[in-house]
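Asker: Before I ask anything, here is the structure I am working with.
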Amino acid sequence: MVRVKLDAVDRKILSCLQSQGRITNVDLADRVGITAPPCLRRVRALEQEGYIKGYHADLEQESLGYGLTVFAMVGLHSQAESDLRAFEEKVQEWPLVRECFMLNGEIDFILKIVAEDLGSFQQFLTGELTPAENVASVKTSLTIRTSKHQPGVPLPEVK
């Protein structure tokens with residue numbers, strides 16, 4: 001059950017956790033101005049209510065050997081709901097695809113793909129993506145650089 005309205009303390013908790021997911025409960029409680037036990041109860045409630053989906057480390061892809069990021073715009077032959085879902089399920093099988101969005105308009109999906117290099121991307125493109133069932137077209141754009149990477153959502157600062 002999702003709460004209709006978050007209070008100021010909930011928003012502070014979410015803001016702190018979004019920027020510092022490894023913060024201890026004691027430090028989090030201190031930052032938001034409450035004691036540790038109610039802070040932990042609030043965090044658990046926010047998790048149960050679906051405001052917090054999980055915790056993860058933001059990894060440096062280039063340091064791990066993934067120096068190429070590509071966006072692929074995918075058009076399908078059929079946009080029937082079953083065909084859209086089948087494509088989305090197929091995307092789940094591809095580890096190089098890090099994000100997938102269904103779009104409104106001329107393109108059906110946009111995929112964010114990471115690869116070690118151009119050769120490994122080309123192998124994925126020609127061996128997996130292009131021949132996938134129902135894929136009509138694929139247009140790709142290689143990124144030159146990333147000027148902003150900010151996961152999460154904008155939360156207004158609560159004082």
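The values are calculated or read from the model by the stated rules, or taken from the named source; none is laboratory data. All values derive from a computational prediction rather than experimental measurement. Please note: Cβ atoms are built from the backbone with ideal geometry, for glycine as well, and neighbour counts cover all protein chains shown. Just the protein is used for accessible areas: all its heavy atoms, side chains included, with ligands, DNA and RNA removed. Shrake-Rupley method; radii C 1.70, N 1.55, O 1.52, S 1.80 Å.
Asker: Please tell me if residue 112 is among the basic types (Lys, Arg), part of a loop (DSSP other than H, G, I, E, B) and within 15 Å of the chain's Cα centre (by Cα).
Answerer: When the stated conditions are applied, residue 112 does not pass them.
Asker: Okay, next question. Taking segment 69-99 only, how many residues are surrounded by 18 or more Cβ atoms within 10 Å (Cβ to Cβ) and not in a helix (DSSP H, G or I)?
Answerer: Within segment 69-99, residues that are surrounded by 18 or more Cβ atoms within 10 Å (Cβ to Cβ) and not in a helix (DSSP H, G or I) number 7.
Asker: In the list 66, 55, which residue meets the criterion of being at pLDDT below 95, assigned to a loop (DSSP other than H, G, I, E, B) and among the aromatic types (Phe, Trp, Tyr)?
Answerer: 55
Asker: Sticking with this one: Looking at (1) loosely packed, with under 14 Cβ neighbours inside 10 Å; (2) at pLDDT 95 or above, find the lone condition where residue 145 falls short.
Answerer: (2)
Asker: Need the failing condition index for residue 50 against (1) part of a loop (DSSP other than H, G, I, E, B); (2) surrounded by 14 or more Cβ atoms within 10 Å (Cβ to Cβ); (3) not charged (D, E, K, R), just the number.
Answerer: All conditions are met except number (2).
Asker: From the set of residues in segment 115-142 that are part of a helix (DSSP H, G or I) and open to solvent by 60 Å² or more (accessible area, probe 1.4 Å), which is nearest to residue 95 (Cα to Cα)?
Answerer: That would be 128.
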